[in-house]
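In what follows, a structure is listed as structure tokens, so that the remarks can point back to it.
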Amino acid sequence: MPGKIHVNTTINGEATEFLCEPRQTLLECLRDTLNLTGTKEGCGDGNCGSCTVVMDGRIVTSCLVLGVEAAGARIDTIEGMARGNQLHPLQQSFLEHAALQCGICTPGFLLAARELLENEPDPSEERIRWFLANNLCRCTGYDKIVRAVQDAAKQMREAKA
Amino acid sequence: MKWFDYAAPASLAEALQLRAAHPQALLLAGGTDLLVQMKNGRRQPDVVIDIKKVPELNALSIDAAGALTLGAAVACHRVYQDAAVRKHWPALAETAEIIGGIQIQGRASIGGNLCNAAPSADSVPLLIAMGGTCRIAGPAGERPLAVEDFCIAPGRNALAAGEMLVSLHIPAPAAHSGVHYLRFIPRNEMDIAVVGVGAQVVLNNGNFQSARIALASVAPTPLFVRAAGDGLAGKPVNEESIQAAAEAAAAAATPITDMRGTAEYRRHLCGVLTLRALEAAIRQAKGSH
Ligand code: FES
Ligand code: FES
């Protein structure tokens, strides 16, 4: 049987190493090996987006990435989103708009929405819904999530101005 | 997932050696189809060869003649964010933007969409309509293959033992030409085509010079309906010609009934979407120079 592979990577800005079997997904490595359980598993097949992480500056579903593929990559997870106790404006906005219920989908929505707002500070509602289509929420009905993103976008624009 | 070994070759030669040494190995590009199939047990490789570090498979370049080379592992986001692709092959950029969602597009490649050989693959009818060619490398050297000959059965492609898809080649757009891909899905995004149609037209003084039409989700493989396009050559660009081509495309389809739609419904959609895809391609051709 093949052995474990030693993976050197960067997670939330910190050099990190871990051992994994080639068959383990990045999602499993994050949750089970590195104890970064903020990243959630919903479907395991790329549909729900609850396992979203940022890989080399781009959101991906970590259930469809092998742990070994993280070698040499930069991975950002929900654990790196707040600065200490200071929540990211999107996190704050999700709280204020009650844009979560069970919360399983929330880390994925937050990272996807951050990627959107970093590239497009003033997206239309249609664009927000399109961009977040790879993230499913079975609780909120999406409306509050969209409002929270719009509001955070506004605050982030004002903070920059 | 079952145990497998992982290899990430850095050159095409090394990738081919691994492929030859491990006949049961599977090639990993974006993994958005492959890992799903490995998780559900449909595919059980002994070795996974990650081809994303092979330079030829990451190429996205335009040659002196204006033709596009698209490495088999280039992710969809690179396709639709490339200014030259957006300008010269807008239909390719638009199609890369509707395969899965943003997360999937960060990983999934057009080459993978083709190799996966699903009858519903969105990019394949478009590649066929554009006259795309595959560059295939194997133990006996390289060979080109027209995209329409690549998929041979659901989930099966024409790659022989030891072979791999290196890149796709799309000719430079001809003068007065236009291309469009259109699919029908019941949702707004993130869904599998009930029917998809790719169409390319080349116009000449109010007539069709040539046309190519291909269909998704209406046959065991993406289907090139050559006769429907050839029938347009020399015909005037009008409603009657377009309608005749749409009827020919619908007649050539051999759809089945499944949870996404009945055979009858799909055949009807084939006609409607062929008509609309042709109309969009014609609009584009009239605007181009
Ligand atoms: S768990 Fe990865 S997309 Fe659902
Ligand atoms: S809050 Fe429960 S799935 Fe979104």
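The values are calculated or read from the model by the stated rules, or taken from the named source; none is laboratory data. Remember, it's a predicted structure, so these values are computed and weren't measured experimentally. Every residue, glycine as well, gets a Cβ built from its backbone with ideal geometry; the counts of neighbours run over all protein chains shown. Note: accessible area is taken over every heavy atom of the protein model, side chains too, but ligands, DNA and RNA are not part of it. Shrake-Rupley method; radii C 1.70, N 1.55, O 1.52, S 1.80 Å.
Could you list, in sequence order, all residues of the range A:20-47 that are under 14 Å from the mean Cα position of the chain (by Cα), open to solvent by 10 Å² or more (accessible area, probe 1.4 Å), within 13 Å of ligand 1 (Cβ to nearest atom) and without any contact (Cβ under 8 Å) to a residue 60 or more places away in the chain?
A:Arg31, A:Glu41
Looking only at the range B:3-46, which residues are charged (D, E, K, R), under 25 Å from the mean Cα position of the chain (by Cα) and farther than 30 Å from B:Ile192 by Cα?
B:Arg19
Of all the residues that make up the range A:92-107, how many are more than 16 Å from ligand 1 (Cβ to nearest atom) and either open to solvent by 60 Å² or more (accessible area, probe 1.4 Å) or not in a helix (DSSP H, G or I) (or both)?
Within the range A:92-107, residues that are more than 16 Å from ligand 1 (Cβ to nearest atom) and either open to solvent by 60 Å² or more (accessible area, probe 1.4 Å) or not in a helix (DSSP H, G or I) (or both) number 8.
Need the failing condition index for A:Pro2 against (1) modelled with pLDDT of 95 or more; (2) within 14 Å of chain B (Cβ to nearest Cβ); (3) over 14 Å from the mean Cα position of the chain (by Cα), just the number.
With (1) modelled with pLDDT of 95 or more; (2) within 14 Å of chain B (Cβ to nearest Cβ); (3) over 14 Å from the mean Cα position of the chain (by Cα) applied to A:Pro2, the lone miss is (1).
Answer yes if at least one residue in the range A:111-127 is part of a helix (DSSP H, G or I), small (Gly, Ala, Ser), out of contact with any Leu (no Cβ under 9 Å at 6 or more places or on another chain) and within 14 Å of chain B (Cβ to nearest Cβ), and no otherwise.
no
Rundown of residues vs (1) open to solvent by less than 30 Å² (accessible area, probe 1.4 Å); (2) under 22 Å from B:Ser61 (Cα atoms), yes/no style:
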site: B:Leu127; (1), (2): yes, yes
site: B:Gly131; (1), (2): yes, yes
site: B:Arg143; (1), (2): no, yes
site: B:Ile152; (1), (2): no, no
site: B:Met164; (1), (2): yes, yes
site: B:Arg183; (1), (2): no, no
site: B:Val195; (1), (2): yes, no
site: B:Asn204; (1), (2): no, no
site: B:Pro222; (1), (2): yes, no
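Kindly provide the set of residues from the range A:118-161 that are more than 16 Å from ligand 1 (Cβ to nearest atom), buried (at least 20 other Cβ atoms within 10 Å of the Cβ) and within 18 Å of B:Gln105 (Cβ to Cβ), ordered by number.
A:Ile128
Can you tell me which condition A:Thr61 does not meet? The list is (1) away from ligand 2 (no atom under 16 Å from the Cβ); (2) open to solvent by less than 20 Å² (accessible area, probe 1.4 Å); (3) at negative phi, and all the others hold.
(1)
What are the residues in the range B:76-105 that are open to solvent by 10 Å² or more (accessible area, probe 1.4 Å), away from ligand 1 (no atom under 16 Å from the Cβ) and within 14 Å of chain A (Cβ to nearest Cβ), if any?
B:His77, B:Arg78, B:Tyr80, B:Gln81, B:Glu94, B:Glu97, B:Ile98
Can you tell me which of (1) part of a loop (DSSP other than H, G, I, E, B); (2) among the hydrophobic types (A, V, I, L, M, F, W, C); (3) touching a helix residue (DSSP H, G or I) at 6+ places or on another chain (Cβ under 6 Å); (4) away from chain A (no Cβ under 14 Å) is the one B:Ala64 doesn't meet?
Checking B:Ala64 against (1) part of a loop (DSSP other than H, G, I, E, B); (2) among the hydrophobic types (A, V, I, L, M, F, W, C); (3) touching a helix residue (DSSP H, G or I) at 6+ places or on another chain (Cβ under 6 Å); (4) away from chain A (no Cβ under 14 Å), the one that fails is (3).
Considering the range B:1-42 alone, what residues qualify as being of a type in the set (Lys, Arg), more than 8 Å from chain A (Cβ to nearest Cβ) and surrounded by fewer than 19 Cβ atoms within 10 Å (Cβ to Cβ)?
B:Arg42 - this is the single residue of the range B:1-42 that is of a type in the set (Lys, Arg), more than 8 Å from chain A (Cβ to nearest Cβ) and surrounded by fewer than 19 Cβ atoms within 10 Å (Cβ to Cβ).
Do we have any residue at all in the range B:46-58 that's touching a strand residue (DSSP E or B) at 6+ places or on another chain (Cβ under 6 Å) and away from chain A (no Cβ under 14 Å)?
There is at least one residue in the range B:46-58 that is touching a strand residue (DSSP E or B) at 6+ places or on another chain (Cβ under 6 Å) and away from chain A (no Cβ under 14 Å).
Count, please, the residues in the range A:48-70 that happen to be within 13 Å of ligand 1 (Cβ to nearest atom), within 7 Å of chain B (Cβ to nearest Cβ) and in a helix (DSSP H, G or I).
Of the residues in the range A:48-70, 1 are within 13 Å of ligand 1 (Cβ to nearest atom), within 7 Å of chain B (Cβ to nearest Cβ) and in a helix (DSSP H, G or I).
Kindly list the number of the only condition in (1) within 12 Å of chain B (Cβ to nearest Cβ); (2) within 16 Å of ligand 2 (Cβ to nearest atom); (3) in contact with a Pro (Cβ under 7 Å, 6 or more places away or on another chain) that fails for A:Ile78.
So A:Ile78 meets the others, but not (1).
With a cut-off of at least 2 residues that are within 30 Å of A:Asn135 (Cβ to Cβ), name the strands (runs of 3 or more DSSP E) lying wholly within the range B:173-289.
Strands (runs of 3 or more DSSP E) meeting the threshold: B:177-184, B:195-204.
List every residue pair whose Cβ atoms sit under 8 Å apart, with the two residues 6 or more apart in sequence or on different chains, where the first one lies in the range B:93-107 and is of a type in the set (Ser, Thr, Tyr) and the second, anywhere, is open to solvent by less than 30 Å² (accessible area, probe 1.4 Å).
B:Thr95/B:Asp122; B:Thr95/B:Ser123; B:Thr95/B:Leu126; B:Thr95/B:Tyr181
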